[in-house]
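The values are calculated or read from the model by the stated rules, or taken from the named source; none is laboratory data. This one's a predicted model, so the numbers in the text were calculated from it and none came from an experiment. Using ideal geometry, Cβ is built from the backbone for each residue, glycine included, and neighbour counts are taken over all protein chains shown.
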Amino acid sequence: MREKEPSNFTAPSPRRFTLPKSHILRGRRNFQELFKSAKFINTPTISARFAISPSSQGDFKVGFISPKKIGTAVHRNNYKRLLREAYRLNKHILSEVMLTFEGSLHIAFIARHTKPEYHAVENDMVTLLEDLRSRILSINSEEL
């Protein structure tokens, strides 16, 4: 009988690139509250609305919006897929800070252009997440 060859499987990295359903912002009331008390960050392809509120829950939710000016439903869904993927791969920028933050953060990423390229969307997503990270860190330093 032939000997078993060693496996080339490597252990998964400690950073997980998943986007659980529990982190998705859903419901009309949640979006209305977000749009009432939100602040803006804009980049060429994405704008973000976010609301930071102090609470003991540590609630962290993310929504993805593609308005009708983007085009047909196919184009809007494609853009939302790009936004989700760019966020999923770069969410570690925020997740490390959110472990120490004692409050809730709700974010809505909004598409701005009709024909996105993934690299532009990803670069703008990184820019937005780094800006959010610095704002959260400044809030944490004010509380201390």
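Annotations for the structure displayed:
- In the stretch 94-115, residue nearest to ARG29 (Cα to Cα) [restricted to those that are assigned to a loop (DSSP other than H, G, I, E, B), out of contact with any strand residue (DSSP E or B) (no Cβ under 7 Å at 6 or more places or on another chain) and not aromatic (Phe, Trp, Tyr)]: GLU102
- Top-ranked residue in the stretch 91-127 [being of a type in the set (A, V, I, L, M) and closer than 14 Å to PHE64 by Cα; ranked as surrounded by the fewest Cβ atoms within 10 Å (Cβ to Cβ)]: ILE110
- For the stretch 11-26, taking the residues that are of a type in the set (Ser, Thr, Tyr) and in a loop (DSSP other than H, G, I, E, B), the one that is modelled with the highest pLDDT is identified as THR18.
- Test result for ASN8, at pLDDT below 85 and over 14 Å from the mean Cα position of the chain (by Cα): yes
- Yes/no for THR72 being among the β-branched types (Val, Ile, Thr) and without any contact (Cβ under 8 Å) to a residue 24 or more places away in the chain: yes
- Matching residues in the stretch 116-144 - criterion: being under 20 Å from GLU85 (Cβ atoms) and assigned to a loop (DSSP other than H, G, I, E, B): PRO116, GLU117
- Which numbered condition LYS80 fails, given (1) more than 18 Å from ASP131 (Cβ to Cβ); (2) touching a Phe, Trp or Tyr at 6+ places or on another chain (Cβ under 9 Å); (3) in contact (Cβ under 8 Å) with a residue 40 or more places away in the chain; (4) not β-branched (Val, Ile, Thr): (3)
- Any chance ARG88 is at pLDDT 90 or above, within 15 Å of LEU128 (Cα to Cα) and either surrounded by 18 or more Cβ atoms within 10 Å (Cβ to Cβ) or not aromatic (Phe, Trp, Tyr) (or both): yes
- Residue, modelled with the lowest pLDDT, within the stretch 27-79, restricted to residues that are of a type in the set (S, T, N, Q), within 14 Å of LEU105 (Cα to Cα) and outside any loop (DSSP other than H, G, I, E, B): SER53
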